[in-house]
Amino acid sequence: MTAVPLYDAFSHEYDYFVNWPQRLQYELPFIQRQLQAVGAQRVLDVACGTGQHALALAAAGFAVTATDLSAAMIEQAKANARRAGHRARFVVAGFGQLRARLDGDFDALLCLGNSLPHVLTEAELRATLADFAAVLRPGGLVLIQSRNFDAVMRARMRWIGPQGHTEGDRDRLFVRFYDFNPDGTLTFNVVSLTRTGGGPWSQQAEATTLRPWLHGELLAALADAGFGECEAYGSMAGDPFVTETSGDLVLVARRA
């Protein structure tokens, strides 16, 4: 997988995209239940971004290694770790590079935040999931969170809700939307608007390509990579997956 400049460009702004205390309060109970079900201690968080999930799990007592293809994101994650006072190991590594760059086997691997759709071809998906399996112990758990692209593609859902953040006299607004490409991929667009003291808005726009992997495609690819006992959920609260209406597709599987 090649570099994704969008995330380098937004590494210092990324944490403003998300209300992290609210998101972690919502998602961590489900994640921890899945980890506890396999007795996980050593956890690998891939495509970790600025490391917020990794640091929250480290604070909960897990031994966490976190990777991302973006060196700028990893540097921001390390800065977040220093501020939070939590220990996690951060490594620059993309999908398909994990086994070559990491030692030992992990009890669980997390791939959160709609990261897997950055893998654009079936061959790359097979290589990515084989790499996931290669760093997990037998019986280890993989947890993948993505958007429910079955619903997105069926309804041509172009817009993602805007997000705003105000800190002091600085306002930020993030607008995200898809373009539907003739080859079946999506262009994911992010527009960042910023102003200080009620002054004029400045803007920055970046984009990257996504492959909208469908539920059936991911199930088949996981099985081919040696994962079984796969369960699908419709949210990070553990709601049932409904193809037509769920916002997310969350897959939990075990390595054979």
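The values are calculated or read from the model by the stated rules, or taken from the named source; none is laboratory data. Nothing here was measured: the structure is a model prediction, and the numbers come from that model. A quick note on method: Cβ atoms are made from the backbone with ideal geometry, for glycine too, and the neighbour counts reach across all protein chains shown. Just so you know, the surface numbers come from the protein's heavy atoms only, side chains and all, with ligands and any DNA or RNA stripped out. Shrake-Rupley method; radii C 1.70, N 1.55, O 1.52, S 1.80 Å.
For the charge dipole of the chain, defined by +1 on Lys and Arg C-beta atoms and -1 on Asp and Glu C-beta atoms about the Cα centroid, which residue among ALA66, ASN80, THR121 has the Cα displaced farthest towards the positive pole? Looking along the dipole axis, the top candidate is ASN80. For the stretch 1-117, a simple Cβ point-charge model (Lys and Arg +1, Asp and Glu -1, everything else neutral) yields a dipole of about 280 debye relative to the Cα centre. For the stretch 52-100, the spread of Cα coordinates along the three principal axes comes to 29, 21, 13 Å, biggest extent given first. Each principal axis of the stretch 89-223 carries a Cα extent, and these read 56, 38, 19 Å when sorted largest first. Local charge for ALA93 was computed over the other residues whose Cβ lies under 10 Å away, with Lys and Arg +1 and Asp and Glu -1, and equals 0. Taking all protein chains together and a 1.4 Å probe, the residues ASP107, ASP239 rank ASP239, ASP107 from largest to smallest accessible area.
Please state the relative contact order of the stretch 74-159 as a whole percent: Cα pairs under 8 Å, 6+ residues apart? Contact order relative to length: 33 percent. Compactness of the stretch 12-100 is given as radius of gyration and Dmax, 12.6, 35 Å, from Cα positions.
Summarised in one figure, the compactness ratio Rg/Rh of the chain, Cα atoms and Kirkwood Rh, is 0.95. Our coupling estimate for the stretch 141-153, obtained by passing each phi through the Karplus curve with A = 6.51, B = -1.76, C = 1.60 and θ = phi - 60°, is 9, 10, 10, 10, 10, 9, 5, 7, 6, 4, 6, 4, 6 Hz, Gly and Pro reported as x. Surface calculation, 1.4 Å probe, protein heavy atoms: TYR26 sits at approximately 120 Å² accessible.
The listed residues MET153, MET236 rank as MET153, MET236 when sorted by accessible area, largest first, using a 1.4 Å probe.
Roughly how far apart, in whole Å, are the Cα centres of the stretch 165-204 and the stretch 1-57? Using only Cα atoms, the two centres lie 21 Å from each other. Among residues other than THR245 with Cβ under 12 Å from its Cβ, the summed charge is -3 (Lys and Arg +1, Asp and Glu -1). Count the DSSP beta bridges whose two residues both fall in the chain, then state the antiparallel fraction as a percent rounded to the nearest 5. Bridges in the chain that DSSP calls antiparallel: roughly 70 percent. Summary value for the chain: 18 percent relative contact order, contacts being C-alpha pairs under 8 angstrom separated by 6+ residues. Take every pair of alpha-carbon atoms less than 8 Å apart whose residues are at least six positions apart; their mean separation over the length of the stretch 160-249 yields a relative contact order of 17 percent. Its Cα gyration tensor gives the stretch 119-183 an equivalent ellipsoid, and the semi-axes of that ellipsoid, as √(5λ) in whole Å with the largest first, are 32, 21, 11. Our coupling estimate for the stretch 237-254, obtained by passing each phi through the Karplus curve with A = 6.51, B = -1.76, C = 1.60 and θ = phi - 60°, is 9, x, 5, x, 7, 10, 3, 7, 10, 5, x, 10, 10, 10, 10, 10, 9, 10 Hz, Gly and Pro reported as x.
Using θ = phi - 60° in the Karplus curve 6.51 cos²θ - 1.76 cosθ + 1.60, the 3J(HN,Hα) couplings for the stretch 92-107 round to 7, 6, x, 4, x, 10, 5, 4, 6, 10, 10, 9, x, 10, 9, 7 Hz; x is entered for Gly and Pro.
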